[in-house]
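The numbers here are math on the coordinates, done by the rules we state, and not lab data. A quick note: this is a predicted structure, and the numbers were derived from the prediction, not measured. Cβ placement follows ideal geometry from the backbone for every residue including glycine, while neighbour counts extend to all protein chains displayed.
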Amino acid sequence: MKSGRAQVDMIALYEELGSYRAVGAILGCDHKTVKRYVELAGEQGQLAPVRRRARITDSFAALIRARTEATKGKITARRLHRTLRAAGYEGSERSLRRALAAEKDAYRRRVAAEGRVYRPWVSAPGEWLICDWGSAGKVPTPAGPRPLSFFCSVLGYSRARQLTFSCSERFGALAIGLASNLEQIGGVPAKVLFDNPRTITASDVAGAHVLNPDLVRLASHYRFSPQTAAYYDPESKGKVEASVRFTKSDLIPVDGFGSLDEANEAGRRWCERVNSEPHSETRRAPDELIGAERELFRPLPPERPAIACGEERKVDKLATIRFASARYSVPHRLVGEAVEVMASDRELTVTHAGVPVAHHALLAPGEASIEDEHYPTPAPTGVRALRPRTEAERAFLALGDEAHSY
């Protein structure tokens, strides 16, 4: 039985050519088939009813639908095949796969028609900044290739985009990225919307998110209200999701960046370009609209908070810290103290109370960078010092270096 589209094409060709055999030769069917459908169509152009062939899965359609709805369209044919075999199904997994695919498609259409209602999110000037992380491949470093990410944000009203590249997605990197983005826009919006990684939400109670204490301290420093999106709901922050996709397609090169500095410089130039071009939604450049927002922004604090100066580490009894599985020395006086570590793709800087106390080249995992000036004693040599106990021993060692060597 030909589908409705095939019948329409067949009748249209017949009206054009006027020959059953010519139409059959073009469509690859018998001329008698063409004649039958043309005659069935009649003068009023009614198509022949499409007869559906019975399938071996028809008897189990209710069970297939029930399992599809119970799993929200996630069940696979292989898993469902076991259930249907127990219910008496004797067909193949391939036949079941076809029936399940059709049922999943119907389920998605029902959900789209009966489920979530979408409407535009209109943000007031100075109200919302929406943030998210994006992946930018890897960047070569002395410690080997490291994942490169970018912290991206977009203002809800003007659609101005900001981003900062980083080799980490820990809270310290997030705080640095947010501080940098706020400095780029020149103020602090009333609310900042985040996703739900562990750096943002520690847990949830009855669906209400419990914020990370570090985020609460960061928000109190900048005086904004932190908000979080629902779990597994990227559509609730679609503006920044679209910005992340646009960044990946328009900024990130296929071969990646050669260094973190190169990535940040490329990101700065890219933001200047896209913020000066008309946005597809507002038809105005974000640089033009952000002027109305800046009047409503809260002023930036004079200094960044300590958490936005790097990742926190505690100095161990060896007067060292560990970062990316490598060991770095700091001044001995800081043993037991907390310090902040900020790393690029080439070097590492350690600060204490906002003052830099150590600089090191970035090392590969398992290596150590030890500076002699960080310790009050010379470096160990592995040779035990001589300790004379008698007058004869002291007199012998007093002869000089040869006596010590002996």
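The GluC sites (Glu not before Pro) found in segment 89-196 that occupy coil by DSSP, while having at most 11 further C-beta atoms within 10 Å, are Glu90. Between Ala136 and Leu148, Ser149, Phe150, the built amide H atoms are under 5 Å apart, and every one of these is 5 or more places off in sequence or on another chain. Spacing of the modelled spin labels on Ser259 and Thr377, each 7 Å from Cα toward Cβ, amounts to 3.9 nm.
For segment 302-406, the list of trypsin sites (Lys or Arg not before Pro) that fall in a loop by DSSP and count at most 11 other C-beta atoms within 10 angstrom reads Lys317, Arg384, Arg389. The phi-based Karplus calculation (6.51 cos²θ - 1.76 cosθ + 1.60; θ = phi - 60°) puts the 3J(HN,Hα) values of segment 344-353 at 9, 7, 10, 9, 10, 10, 10, 10, 9, 6 Hz, whole numbers, x for Gly and Pro.
Which one of Leu40, Leu218, Leu163 has the biggest mean-square fluctuation once the chain is modelled by GNM with Cα springs under 10 Å? Comparing Leu40, Leu218, Leu163 in the GNM, the peak value goes to Leu40. Inter-label distance, Leu40 to Ala106: 2.3 nm, where each label sits 7 Å from its Cα along the C-beta direction.
Distances between placed amide hydrogens fall under 5 Å for Val357 paired with Val350, Thr351, His352, all partners being 5 or more residues away or on another chain. The gain in end-to-end length when the Arg217 to Arg384 segment is fully stretched comes to 55.1 nm, 0.36 nm per residue minus the alpha carbon separation.
A Förster radius of 30 Å, combined with the Cβ-Cβ distance separating Asp250 from Glu288, puts the computed FRET efficiency at roughly 0.90.
Each residue, His31 and Glu367, gets one label point 7 Å from its Cα in the Cβ direction; the gap between the two is 8.3 nm. Listed by chain and number, the lysines whose C-alpha is less than 22 Å from the C-alpha of Lys239, apart from same-chain residues fewer than 8 away, are Lys191, Lys248. Database remark: amide H of Arg298 closer than 5 angstrom to the amide H of Val188 (H placed geometrically; neighbours at sequence offset of 5 or more, or on other chains; Pro and chain starts carry no H).
I need the helices of the chain that pass two filters: whole DSSP H segments spanning 27 Å or more by Cα along the axis, and mean Kyte-Doolittle score no lower than 0.0. Spell out each step's value before the answer.
Numbers: long enough: 93-114 (30 Å, -1.11).
Once both thresholds are applied, nothing remains.
Between Leu296 and Ala242, residue separation times 0.36 nm minus the direct Cα-Cα distance comes to 16.9 nm.
Computed extension length for Asp204-Ser3: 67.1 nm, one decimal, from 0.36 nm per residue of separation with the Cα-Cα distance subtracted. A straight Cα-to-Cα reach below 30 Å connects Lys314 with the lysines Lys138, residues fewer than 8 places away in its own chain not being considered.
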